[in-house]
Amino acid sequence: MLIRLGTRNSALARWQAEWVAAQLAPQGVDVELVPITTTGDRQQESVKTIGAQGLFTKEIQRALLDERIDLAVHSLKDLPTDDVPGLTLAAVPRRAAVADVFVSKKYRSLDDLPAAATVGTGSLRRRAQLLHLRPDLNVCDIRGNVDTRLKKLDDGQFDAILLAEAGLRRLGLDDAITQVLPPEKLLPAVGQGALGLETRTDDTTARTAVAALDDCATHRAVVAERTLLAALQGGCLAPIAAWARIESYVLTLSGRVLSADGRKCLDVTLGREPALAVDLGRIVAEMLLNEGAAGLIEASRHSTI
């Protein structure tokens, strides 16, 4: 059996695609990698400046619908929550690390940073949470892939940068990590650390092949997170964070919405039976909305920070 797998050309995207190919091989599935360039790969401006969702996924999803490929592997934090008719999230493998990490050549931890230190991040979610914790810092935008960002740090453009733990570890860059930031302190992005395997809904061959890679606990966790994000109507560009995990047979979801400057922060944590992942996401979103989340999300769209 041959499956054509669409992938971006970045080192991390290719790692993800090759990992999936290696997992499918024992089933007798041959995988052909099909490189696809996305809008996100071509853009030079900040994500907020462009103001679009699906920068790293739309072209790949179009290739699926056009039957140029049979399978897409997404970083779930990049995948919009809007359903695409004809496509199905067929499997979510076991999640890797969810945390963000602090990377610095000068300082041992976030707490060690002096006032006015310059920290780079391309994420509004990280920026807002960092300013909430350390309003004395100078948080600046940083663009490029992981290697580019690390080089900018090496060149002295930043005192520290924030990245996803999972990405660094997948690329074998564990030594670059200075401090793992506890998820409770800096809540991750929706779907962070998780991969999403997407197929055409009517492609039973591809769906059956990837079904064996699905991890039920991870799938339910990301469903809760993505339901929350969809209910908040914030998209992946707003200062929204969420982390769902199964603890003692209970699916616990922590949701957070912040103002762009980090001054206001709304937090809700709630648990339900794992089978009620969708209900849990909706309830936590409703609780955040009742506390004023919609206003913070709308204001963040017009913020110049």
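Picking from residues in the stretch 53-76 that are touching a Ser or Thr at 6+ places or on another chain (Cβ under 6 Å) and in a loop (DSSP other than H, G, I, E, B), the one that is least open to solvent (accessible area, probe 1.4 Å) is Leu55. State which residue is farthest from Cys216 (Cα to Cα) when the search covers only the stretch 88-108 and only residues that are open to solvent by less than 20 Å² (accessible area, probe 1.4 Å) and more than 15 Å from the chain's Cα centre (by Cα). Once the filter is applied, the top-ranked residue is Ser104. Is there a residue in the stretch 197-219 that is under 30 Å from Leu137 (Cα atoms) and in a loop (DSSP other than H, G, I, E, B)? No, the stretch 197-219 contains no residue that is under 30 Å from Leu137 (Cα atoms) and in a loop (DSSP other than H, G, I, E, B).
Given the residues Leu229, Leu276, Leu266, Leu289, which is the only one that is closer than 15 Å to Gln192 by Cα, among the hydrophobic types (A, V, I, L, M, F, W, C) and open to solvent by 10 Å² or more (accessible area, probe 1.4 Å)? Walk me through it before giving the result.
Values: Leu276 fails: closer than 15 Å to Gln192 by Cα; Leu266 fails: closer than 15 Å to Gln192 by Cα; Leu289 fails: closer than 15 Å to Gln192 by Cα.
The unique qualifying residue is Leu229.
When you check Leu79 against the structure, is it out of contact with any helix residue (DSSP H, G or I) (no Cβ under 7 Å at 6 or more places or on another chain), within 30 Å of Val223 (Cβ to Cβ) and open to solvent by less than 50 Å² (accessible area, probe 1.4 Å), yes or no? Working first, answer last.
On the way: out of contact with any helix residue (DSSP H, G or I) (no Cβ under 7 Å at 6 or more places or on another chain): yes; within 30 Å of Val223 (Cβ to Cβ): yes; open to solvent by less than 50 Å² (accessible area, probe 1.4 Å): yes.
So Leu79 fits the description; yes.
Quick check on the stretch 120-129. Is at least one of its residues in a loop (DSSP other than H, G, I, E, B) and either in contact with a Leu (Cβ under 8 Å, 6 or more places away or on another chain) or buried (at least 22 other Cβ atoms within 10 Å of the Cβ) (or both)? For the stretch 120-129, residues in a loop (DSSP other than H, G, I, E, B) and either in contact with a Leu (Cβ under 8 Å, 6 or more places away or on another chain) or buried (at least 22 other Cβ atoms within 10 Å of the Cβ) (or both): present. Screening Asp175, Asp111, Asp136 for residues that are open to solvent by 30 Å² or more (accessible area, probe 1.4 Å), farther than 23 Å from Ala11 by Cβ and in a helix (DSSP H, G or I) leaves exactly one candidate, Asp111.
The values are calculated or read from the model by the stated rules, or taken from the named source; none is laboratory data. Given the structure is predicted, the values throughout are model-derived calculations rather than measurements. Please note: Cβ atoms are built from the backbone with ideal geometry, for glycine as well, and neighbour counts cover all protein chains shown. Protein only, heavy atoms only, side chains kept; ligands, DNA and RNA dropped before computing areas. Shrake-Rupley method; radii C 1.70, N 1.55, O 1.52, S 1.80 Å.
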